[in-house]
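See below for the structure under consideration.
The values are calculated or read from the model by the stated rules, or taken from the named source; none is laboratory data. On a predicted model such as this, the values are computed, not experimentally measured, just so you know. Positions of Cβ are generated from backbone atoms using ideal geometry, with glycine treated the same way; all protein chains shown enter the neighbour counts. With ligands, DNA and RNA removed, areas are computed over all heavy atoms of the protein, side chains included. Shrake-Rupley method; radii C 1.70, N 1.55, O 1.52, S 1.80 Å.
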Amino acid sequence: AENFAKFFGIAFQIRDDINDIICPEKNNHLESDIKNGVYTLPVILYRSQNPHSEINAENIKNSEALNKAITLCHPYFDKALDLLNDFSDNQYKQTLTDLCKMLKRF
């Protein structure tokens with residue numbers, strides 16, 4: 001359960017950081033993070049590829065950084081799903097499985 005929580009948590013956080021970029025209503029969250037020195041995976045990937053460009057949602061959305069973040073997110077969901085195989089079949093396992101699969105889709 002601990003390892004499931006770790007991998008699911010990492011995947012969920014990356015997914016949430018991606019949503020901050022692709023959902024216009026969450027762009028203010030991205031701007032606030034940047035002002036406060038909080039750099040998420042998509043921002044770090046964008047900055048590494050574009051060291052002198054302005055960091056904003058539109059620039060990140062139009063770069064390879066967003067696709068790279070999505071690609072890096074998937075294995076964490078896959079590992080969480082694999083770990084669920086060790087759990088007994090019940091409604092909780094099914095709910096966690098469904099949640100992982102739903103969040104993995106972008």
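Of everything in region 1-18 that is small (Gly, Ala, Ser) and either at pLDDT 95 or above or open to solvent by less than 40 Å² (accessible area, probe 1.4 Å) (or both), the residue that is farthest from the chain's Cα centre (by Cα) is 5.
Tallying residues that are open to solvent by 30 Å² or more (accessible area, probe 1.4 Å) and not charged (D, E, K, R) within region 56-67 yields 4.
The sole residue among 76, 92 that is within 20 Å of residue 1 (Cβ to Cβ), part of a helix (DSSP H, G or I) and open to solvent by 90 Å² or more (accessible area, probe 1.4 Å) is 92. Would you check if residue 70 is within 18 Å of residue 11 (Cβ to Cβ), open to solvent by 80 Å² or more (accessible area, probe 1.4 Å) and assigned to a helix (DSSP H, G or I)? Criteria not met by residue 70. Here residue 101 does not qualify as assigned to a helix (DSSP H, G or I), free of Cβ contacts under 8 Å to residues at least 12 places away in the same chain and in contact with a Leu (Cβ under 8 Å, 6 or more places away or on another chain). One residue is enough: does region 21-43 have a residue meeting the conditions open to solvent by less than 70 Å² (accessible area, probe 1.4 Å), of a type in the set (Lys, Arg) and modelled with pLDDT under 95? Scanning region 21-43, I find at least one residue that is open to solvent by less than 70 Å² (accessible area, probe 1.4 Å), of a type in the set (Lys, Arg) and modelled with pLDDT under 95, so the answer is yes.
Taken over region 5-57, the criterion of being in a loop (DSSP other than H, G, I, E, B), more than 25 Å from residue 101 (Cβ to Cβ) and among the hydroxyl-bearing types (Ser, Thr, Tyr) is satisfied by 39, 53.
Filter region 79-89 down to residues that are of a type in the set (D, E, K, R) and not in a helix (DSSP H, G or I), then give me how many there are. Residues flagged as of a type in the set (D, E, K, R) and not in a helix (DSSP H, G or I) within region 79-89 amount to 2.
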